[in-house]
1. Checking the conditions here, which among Ile90, Ile28, Ile74 is within 16 Å of the ligand (Cβ to nearest atom), within 13 Å of Ser6 (Cα to Cα) and not in a strand (DSSP E or B)?
2. State yes or no: is Gly183 modelled with pLDDT of 95 or more, at positive phi and not hydroxyl-bearing (Ser, Thr, Tyr)?
3. With the structure loaded, tell me whether Gly65 is within 16 Å of the ligand (Cβ to nearest atom) and on the phi > 0 side of the Ramachandran plot or whether it fails that test.
4. Would you mind finding the one in Leu36, Leu57 that is under 22 Å from Asn160 (Cβ atoms) and not in a loop (DSSP other than H, G, I, E, B)?
5. Which of the helices (runs of 4 or more DSSP H) found entirely inside the range 94-176 contain at least 1 residues meeting this: more than 16 Å from the ligand (Cβ to nearest atom) and more than 16 Å from the chain's Cα centre (by Cα)?
6. Enumerate the pairs (first residue in the range 157-172 and without any contact (Cβ under 8 Å) to a residue 60 or more places away in the chain and of a type in the set (Lys, Arg); second residue anywhere and within 11 Å of the ligand (Cβ to nearest atom) and assigned to a loop (DSSP other than H, G, I, E, B)) with beta-carbon separation below 6 Å, excluding pairs fewer than 6 apart on the same chain, so at least 6 apart or on different chains.
7. Can Gly214 be described as at pLDDT 95 or above and either assigned to a helix (DSSP H, G or I) or closer than 15 Å to Trp148 by Cβ (or both)?
8. Count, please, the residues in the range 147-163 that happen to be closer than 15 Å to Met80 by Cβ and either of a type in the set (D, E, K, R) or crowded, with 18+ Cβ neighbours inside 10 Å (or both).
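The values are calculated or read from the model by the stated rules, or taken from the named source; none is laboratory data. In this text, all values refer to a predicted model and were calculated from it rather than measured experimentally. Positions of Cβ are generated from backbone atoms using ideal geometry, with glycine treated the same way; all protein chains shown enter the neighbour counts.
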Amino acid sequence: MTGSASGKLILCGEHAVVYGHPAIAMPISQRTTVTLDRVDGPSHFAGPADERATKVLRLLASETGWRATVDSDIPIGRGMGSSAALCVAIVRAMGVSGQEAQIAAAMVGEREFHGNPSGLDVQVSVREAMIRFQRPHKLAILAAAPRWTVVVLDSGFPGNTKKLVAGVAARRPGIDPVLDDIGALVHEAERVLDDAAKLGPMLTENHRLLTRIGVSTPQLDGLVELALTHDAAGAKLSGAGGGGVVLAIIDDPKPLLTAAHQRGITAFAFGDHA
Ligand code: PMV
């Protein structure tokens, strides 16, 4: 039995989404595929897997009876939705059908991975469309694919979503006005979603706000600067931060990709001019 699901990138609104503000996220072409085969004994992964992933497999499939083989090109811990894609792929391999049922089942695994996930990752992974999501259940499908080009710059370091979300929680209520500003910015961004020149500066502003809630790093700030000095319309960290990736929206991705590769930074583009 096989199931597959896509990764995601958050365009804007991460962290604030945990507290009821909207966020916009989109699927990426990178996917995770899980094949389940019957075996005797405890359920386990065919390849190396940490304790948490094994626990998730046992929660979503069953304690015993399955070997899971994973094939994935989503980097782990980079804010690209690897854990949600794994959860959705497992529940699809188990034959759970219907988007709502898949979301409910996959969320059991996401809670195990992340403690208090907003559900944004699972929503994108299941719906495979750009969405605006607001806890608990407010959802709008925005577009099949972005009309601008996105460059993803990988910091090379994983971010620990559970720790970063807990860190933000610990800084409340002092940072609540910044979370409110992020929520307001997402509403604005949705209105100019097709216009890279207008959307870009809003994304850069979103990065500045994420810096203020303590989830950026000097390295991520440096990647944002690199993008902006290579003609990006805007750039920000995407996902929980602390590591992971920066996304930039840009007309011509080539100069930025060349600059990134010259510095040994893993970078790729998708969208209109990729
Ligand atoms: O880094 P990721 O892909 O796990 O994204 C986390 C997004 C947060 O808003 C920080 C948390 C959440 O549950 O939405």
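1. From the options Ile90, Ile28, Ile74, the qualifying one is Ile74.
2. Details: modelled with pLDDT of 95 or more: yes; at positive phi: no; not hydroxyl-bearing (Ser, Thr, Tyr): yes.
Here the answer is no, as Gly183 does not meet what is asked.
3. Details: within 16 Å of the ligand (Cβ to nearest atom): no; on the phi > 0 side of the Ramachandran plot: yes.
Taking the combined requirement at face value, the residue does not satisfy it.
4. On the way: Leu36 fails: under 22 Å from Asn160 (Cβ atoms).
Sole residue among the options that is under 22 Å from Asn160 (Cβ atoms) and not in a loop (DSSP other than H, G, I, E, B): Leu57.
5. 99-114
6. Listed by first residue and then by second, the contacts come to Lys162/Gly115.
7. Working: at pLDDT 95 or above: yes; either assigned to a helix (DSSP H, G or I) or closer than 15 Å to Trp148 by Cβ (or both): no.
Here the answer is no, as Gly214 does not meet what is asked.
8. Qualifying residue count for the region: 8.
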